[in-house]
């Protein structure tokens, strides 16, 4: 299946990509190869195949997220150039 130049321009427009005439011709061929490959994949029988989101077998090894005070909190607050109570005071940005 070979894409037309108009189809490539439409795809480029949807992606907000400006293409020269040479690029349109180049991508006509390259996108056609990709679409042909996808149509081959559509023919594969996947009946009974379990869906997976990754294939490495790795599991999430992140720790639980718990809020805790830093042991450096007081030193950090003391180093603020300006502060109001325990908050860093900055110039207004609006």
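Whenever a residue of segment 49-64 is without any contact (Cβ under 8 Å) to a residue 24 or more places away in the chain and at positive phi, it has no partner that is outside any loop (DSSP other than H, G, I, E, B) and surrounded by 10 or more Cβ atoms within 10 Å (Cβ to Cβ) lying with C-beta atoms less than 8 angstrom away and at least six residues away or across chains.
Name the residue that is modelled with the lowest pLDDT, counting only residues in segment 1-20 that are surrounded by fewer than 13 Cβ atoms within 10 Å (Cβ to Cβ) and touching a helix residue (DSSP H, G or I) at 6+ places or on another chain (Cβ under 8 Å). Reasoning before the result, please.
So the first thing to find is which residues in segment 1-20 are surrounded by fewer than 13 Cβ atoms within 10 Å (Cβ to Cβ), and the list is 1-2, 4, 6, 10, 13-18, 20.
Then drop every residue that is not touching a helix residue (DSSP H, G or I) at 6+ places or on another chain (Cβ under 8 Å), which leaves 1-2, 4, 18.
Working: 1: 77, 2: 87, 4: 94, 18: 95.
Within segment 1-20, the match that is modelled with the lowest pLDDT is 1.
Restricting attention to segment 61-92 and to residues that are in contact with a helix residue (DSSP H, G or I) (Cβ under 9 Å, 6 or more places away or on another chain) and not in a loop (DSSP other than H, G, I, E, B), the residue that is surrounded by the fewest Cβ atoms within 10 Å (Cβ to Cβ) turns out to be 87.
Would you mind stating whether residue 26 is surrounded by fewer than 10 Cβ atoms within 10 Å (Cβ to Cβ) and free of Cβ contacts under 8 Å to residues at least 24 places away in the same chain?
Details: surrounded by fewer than 10 Cβ atoms within 10 Å (Cβ to Cβ): no; free of Cβ contacts under 8 Å to residues at least 24 places away in the same chain: yes.
Against the criterion (surrounded by fewer than 10 Cβ atoms within 10 Å (Cβ to Cβ) and free of Cβ contacts under 8 Å to residues at least 24 places away in the same chain), residue 26 does not qualify.
The values are calculated or read from the model by the stated rules, or taken from the named source; none is laboratory data. What you see is a predicted model; the values in this text were computed from it and never measured. Note that we place each Cβ from the backbone using ideal geometry, even for glycine, and neighbour counts take in every protein chain shown.
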